[in-house]
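Down below is the structure, laid out as structure tokens.
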Amino acid sequence: MKDDLRVLIVDDDFHVARLHATYVNAAPGFTALEPVGSGGAALEAIQTYRPDLVLIDIYLPDGNGLDILRGLDVDAFVLSAASDAASLRKAMRRGALGYLIKPFSEKHLSDRLRGYTRYRRLLAGGSALDQDLADRALRQLHTSDTQTARVRSVTETAVLSALGQTPGVLTAIDVSSAVGVSRATAQRYLSALVDEGSIEVNLRYGSTGRPEHQYSVRTP
């Protein structure tokens, strides 16, 4: 799909790379690019295709994936059979947003990809973040859908409360006024709540201008 996040898989095992590409393509909102099997090919593919996310193995035929990761200006998860603490710490120091130990299930990767989507949505836009929103964005990368539903910040709870107390629909401007936050902050929380399925959004088209997003609590 045109608006899907594009994912580059870097793994020298062709069969594993294909399997992970299948997992990625099964996740809504994601499309796997053609996998590559070396660090050199990864650097070339990143420059050519500008992926949104790279899934990179540690053990590559022309080098260590963690060394390559250090030079990447792109979001990345490490996918590796390396289960030692030193590799995990090194991956975090090199800028990895996540670390999945092989073998893992399709659901495990899908959970992380959905968390990555929520992370991006919360950080969309150019306005300044408050600490509450920064903490929530980072949590998305390391929590499953079920865990995310259990963790509600004060601001997020206020957004849900504003929607729940309104019999009709609210716009981002309505929510920002009710909660006492900026429109951009309200929009980020609303987008994340839509993504996790807690609320729904509909578009209202007027005679001119862009369509208006209207939000409401999802009914069972």
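The values are calculated or read from the model by the stated rules, or taken from the named source; none is laboratory data. Small disclaimer: the values here were computed from a predicted structure and weren't measured. All Cβ positions, even for glycine, are placed from backbone atoms using ideal geometry, and neighbour counts span all protein chains on display.
Overview of values
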| item | result |
| --- | --- |
| Criterion: assigned to a helix (DSSP H, G or I), under 22 Å from R120 (Cβ atoms) and of a type in the set (S, T, Y) - qualifying residue of Y99, Y23 | Y23 |
| Hey, A45 assigned to a strand (DSSP E or B) and buried (at least 16 other Cβ atoms within 10 Å of the Cβ) or not | no |
| Single unsatisfied condition, G39 versus (1) more than 13 Å from L8 (Cα to Cα); (2) in contact with a Gly (Cβ under 6 Å, 6 or more places away or on another chain); (3) surrounded by 15 or more Cβ atoms within 10 Å (Cβ to Cβ); (4) in the same structural domain as F14 (by TED's automatic domain parsing) | (1) |
| Any hit, segment 26-38, residues being under 14 Å from F77 (Cα atoms) and in a helix (DSSP H, G or I) | no |
| Search result, residues across segment 106-119 that are among the basic types (K, R) and either at pLDDT 90 or above or touching a strand residue (DSSP E or B) at 6+ places or on another chain (Cβ under 6 Å) (or both) | K107, R112, R114 |
| Residue that is surrounded by the fewest Cβ atoms within 10 Å (Cβ to Cβ) [pool: residues in segment 1-20 that are part of a helix (DSSP H, G or I) and either outside the structural domain of D75 (by TED's automatic domain parsing) or more than 21 Å from the chain's Cα centre (by Cα) (or both)] | H15 |
| Unique residue being at pLDDT below 85, surrounded by 13 or more Cβ atoms within 10 Å (Cβ to Cβ), assigned to a helix (DSSP H, G or I) and among the hydrophobic types (A, V, I, L, M, F, W, C) when the list is L129, L133 | L133 |
| Matching residues in segment 181-211 - criterion: being out of contact with any strand residue (DSSP E or B) (no Cβ under 8 Å at 6 or more places or on another chain), in a loop (DSSP other than H, G, I, E, B) and surrounded by 15 or more Cβ atoms within 10 Å (Cβ to Cβ) | V181, S182 |
| Search result, residues across segment 166-182 that are out of contact with any helix residue (DSSP H, G or I) (no Cβ under 7 Å at 6 or more places or on another chain) and at pLDDT 90 or above | V169, T171, D174, S177, G180 |
| Candidate set from segment 164-180 (those that are surrounded by 20 or more Cβ atoms within 10 Å (Cβ to Cβ) and touching a residue at least 40 places away in the same chain (Cβ under 8 Å)); member that is farthest from the chain's Cα centre (by Cα) | L170 |
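Here's the yes/no breakdown for (1) within 18 Å of D4 (Cβ to Cβ); (2) more than 17 Å from the chain's Cα centre (by Cα); (3) of a type outside the set (V, I, T):
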residue	(1), (2), (3)
E34	yes, yes, yes
L60	no, yes, yes
I68	no, yes, no
S87	no, yes, yes
